[in-house]
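Novice: Questions regarding the structure given below will be posed in turn.
The values are calculated or read from the model by the stated rules, or taken from the named source; none is laboratory data. From a predicted model like this one, the values you see are computed outputs, not experimental measurements. Counting neighbours? That spans all protein chains shown, and the Cβs are built from the backbone with ideal geometry, glycine included.
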Amino acid sequence: MEYRGIIHNHSACSKEGCYGLYVLRERWASSLDFAAMTEHAERISAEEYAAYVRECDALSDAHFRFIPGLEVATESGDILLLGCREYICTRDPLQLIKQIPQQTVVILAHPEEGKVKAEVLAQAHGLEGWNGGHMGGSMPPVDWLDGWRKRQPAGKFFTGGNDIHKVDPKRKILTLVETGAAAGIPCSEEDILQALALGNFRTDNGIFSFRADGKLFYRGREMAWGLPFMLLARAYRGCWRLLNACFQLGGEMLGAIGMDKQKRTRLNRMMREHL
């Protein structure tokens, strides 16, 4: 059975997201089967994370499931630990991988920043090939994906994450996971994590999609990695970053003329949610 979900999400728990888990459940449960959370480890304590895991379980049921997890800042860039129920926080990526529980799915986030170390990638399950927060959620970074596909070690996969912080976008990058469960069976954390680890999923925003191996599709049809399309993807990504810079400048200007921070944040969130 196929389950609809999203990965790489932050709540108010780690002071990076603006919504608590109970609000996110209200926003997501009607259209999703699961949400794999990734709270910033350096912004919470072990006690806070233990309480957070309990809250994830309490808000999960047969209709929707929160999968707790961490995003840990290391010397090899940020590393996502999907399904990690133990608190871990270290700058040493190899030490981090030694400490993670066996069922955890390990994904290297933001690899476009150039911090990924080969010895760390060799022990991870895969790379985040499309980050909606940094790259925009309407078009995948085809040029970037093409380069990584040529260098990707055998057996590693690509994922897509929304990197939800202050804004919960209307158009989301979905992770569609295929498990062996019979039709109508509620998704379980174990089945979702196992399917992700095996690469039994695809990334999809309703227009573009790609398989775990990075093969790209447009409205269900396989696409060639042509130069014009790569240039278009790069231009879109540049426009996305420029737009974000304009939002930041606009917020500073509104602050300068006297609009309070709460109103600026609400206006900014309302506009960004529809991008």
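Novice: Criterion first (buried (at least 18 other Cβ atoms within 10 Å of the Cβ), under 15 Å from the mean Cα position of the chain (by Cα) and at negative phi) does residue 132 satisfy it? It would help to see each step written out before you state the result.
Specialist: Numbers: buried (at least 18 other Cβ atoms within 10 Å of the Cβ): yes; under 15 Å from the mean Cα position of the chain (by Cα): yes; at negative phi: yes.
So residue 132 fits the description; yes.
Novice: Being buried (at least 17 other Cβ atoms within 10 Å of the Cβ), of a type outside the set (A, V, I, L, M, F, W, C) and closer than 23 Å to residue 194 by Cβ is true for just one of 39, 2. Which residue is that?
Specialist: Of the residues listed, the single one that is buried (at least 17 other Cβ atoms within 10 Å of the Cβ), of a type outside the set (A, V, I, L, M, F, W, C) and closer than 23 Å to residue 194 by Cβ is 39.
Novice: Looking only at the range 57-82, which residues are closer than 26 Å to residue 31 by Cβ, surrounded by fewer than 23 Cβ atoms within 10 Å (Cβ to Cβ) and under 19 Å from the mean Cα position of the chain (by Cα)?
Specialist: Hit for the range 57-82 is 64, nothing else.
Novice: Further question: Name the helices (runs of 4 or more DSSP H) wholly within the range 132-238 that hold at least 1 residues that are aromatic (Phe, Trp, Tyr) and touching a residue at least 24 places away in the same chain (Cβ under 8 Å)?
Specialist: Fully inside the range 132-238 and qualifying: 142-151.
Residue-by-condition table, conditions (1) among the aliphatic types (A, V, I, L, M); (2) modelled with pLDDT under 90; (3) not assigned by TED's automatic domain parsing to the domain that holds residue 21:
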| residue | (1), (2), (3) |
| --- | --- |
| 107 | yes, no, no |
| 110 | no, yes, no |
| 122 | yes, no, no |
| 146 | no, yes, no |
| 167 | yes, yes, no |
| 183 | yes, yes, no |
| 199 | no, no, no |
| 207 | yes, no, no |
